[in-house]
Amino acid sequence: MREHLLFTYRFNLGHVESLVKDLSDEQMVSQPNGVVNHPAWTLRHLASSSNFLATTLGLESGTPAEWDARAEGVPSGNASDYPSKAELLAALKAQHERVTEAVTNAPPELFAKDCDEQMRSYFPKVGDLIDYMLTAHEGTHIGQISAWRRAMGLKPSAE
């Protein structure tokens, strides 16, 4: 089962990369027709979310604290509020590598462990959280970037 989750996680990263491949840093923060969650916010959010999962899996934090504090905030249309596309993609890739290694090497009993109290109402077990974060969470945000591209008048994917 683990290999299937990790396949989807790798696939998601490739999909995100293809969706932003042709965008400039300025385009990354555009908010067309009321579409608020632009790619720069989304990539920072995904990197921070993967970092959250990495810390849940016992790793040290690997993203700037400011990113994590803003991961849930309202997206800004100001490019200076975000790292460059290259930095965001590098951070997301680095988090994916950390999480992939941690999930690959996690003992089976970790998946059956109760989530902390704050997360337990959504994800009773750590395995439930891992499953969601590697698949549905990223998939939701991939869909947002796809809708954003349409609102921008761009093709659905850069590929």
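Looking only at residues that are of a type in the set (D, E, K, R) and over 12 Å from LEU53 (Cα atoms) in the stretch 117-134, which one is farthest from the chain's Cα centre (by Cα)?
Of the stretch 117-134, the ones of a type in the set (D, E, K, R) are 117, 120, 125, 128, 131.
Cutting the leftovers down to over 12 Å from LEU53 (Cα atoms) gives us 117, 120, 125.
Details: GLU117: 23, ARG120: 21, LYS125: 20 Å.
Result: GLU117.
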Here the qualifying pairs (Cβ atoms under 6 Å; residues six or more apart or on different chains; first in the stretch 17-28 and small (Gly, Ala, Ser); second in a loop (DSSP other than H, G, I, E, B)) come out as SER18/SER157; SER18/ALA158; SER18/GLU159
Could you go through the stretch 79-87 and let me know if any residue there is basic (Lys, Arg), within 22 Å of ALA136 (Cβ to Cβ) and in a helix (DSSP H, G or I). no
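Given the options LEU110, LEU46, name the one that is surrounded by fewer than 21 Cβ atoms within 10 Å (Cβ to Cβ), of a type outside the set (Gly, Ala, Ser) and touching a residue at least 40 places away in the same chain (Cβ under 8 Å). Walk me through how you get there before you give the answer.
On the way: LEU46 fails: surrounded by fewer than 21 Cβ atoms within 10 Å (Cβ to Cβ).
Being surrounded by fewer than 21 Cβ atoms within 10 Å (Cβ to Cβ), of a type outside the set (Gly, Ala, Ser) and touching a residue at least 40 places away in the same chain (Cβ under 8 Å) holds for just one of LEU110, LEU46, which is LEU110.
For the stretch 135-159, name all the residues that are basic (Lys, Arg) and within 12 Å of VAL35 (Cβ to Cβ). Step through it out loud before you land on a result.
Let us first name the residues in the stretch 135-159 that are basic (Lys, Arg), namely 149-150, 155.
If the condition is that a residue be basic (Lys, Arg) and within 12 Å of VAL35 (Cβ to Cβ), then ARG149, ARG150 are the ones that fit.
Report whether or not TYR122 is assigned to a helix (DSSP H, G or I), under 17 Å from THR56 (Cα atoms) and open to solvent by 70 Å² or more (accessible area, probe 1.4 Å).
Values: assigned to a helix (DSSP H, G or I): no; under 17 Å from THR56 (Cα atoms): yes; open to solvent by 70 Å² or more (accessible area, probe 1.4 Å): yes.
It is false that TYR122 is assigned to a helix (DSSP H, G or I), under 17 Å from THR56 (Cα atoms) and open to solvent by 70 Å² or more (accessible area, probe 1.4 Å).
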Cβ-Cβ under 6 Å, sequence separation 6+ or interchain: first residue in the stretch 131-159 and among the small types (Gly, Ala, Ser), partner assigned to a helix (DSSP H, G or I) and open to solvent by 60 Å² or more (accessible area, probe 1.4 Å). Which pairs? ALA151/ASN33
Is the stretch 50-72 home to any residue that is at pLDDT 90 or above, surrounded by 16 or more Cβ atoms within 10 Å (Cβ to Cβ) and in contact with a His (Cβ under 8 Å, 6 or more places away or on another chain)? yes
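Give the residues of the stretch 133-159 that are open to solvent by 80 Å² or more (accessible area, probe 1.4 Å) and part of a helix (DSSP H, G or I), sorted by residue number.
Across the stretch 133-159, the qualifying residue is only ARG150.
The values are calculated or read from the model by the stated rules, or taken from the named source; none is laboratory data. These figures come from a predicted structure and were not determined experimentally. When we count neighbours, we look across all protein chains shown, and the Cβ atoms used for this are built from the backbone with ideal geometry, even at glycine. Only protein heavy atoms, including side chains, enter the accessible area calculation; ligands, DNA and RNA are left aside. Shrake-Rupley method; radii C 1.70, N 1.55, O 1.52, S 1.80 Å.
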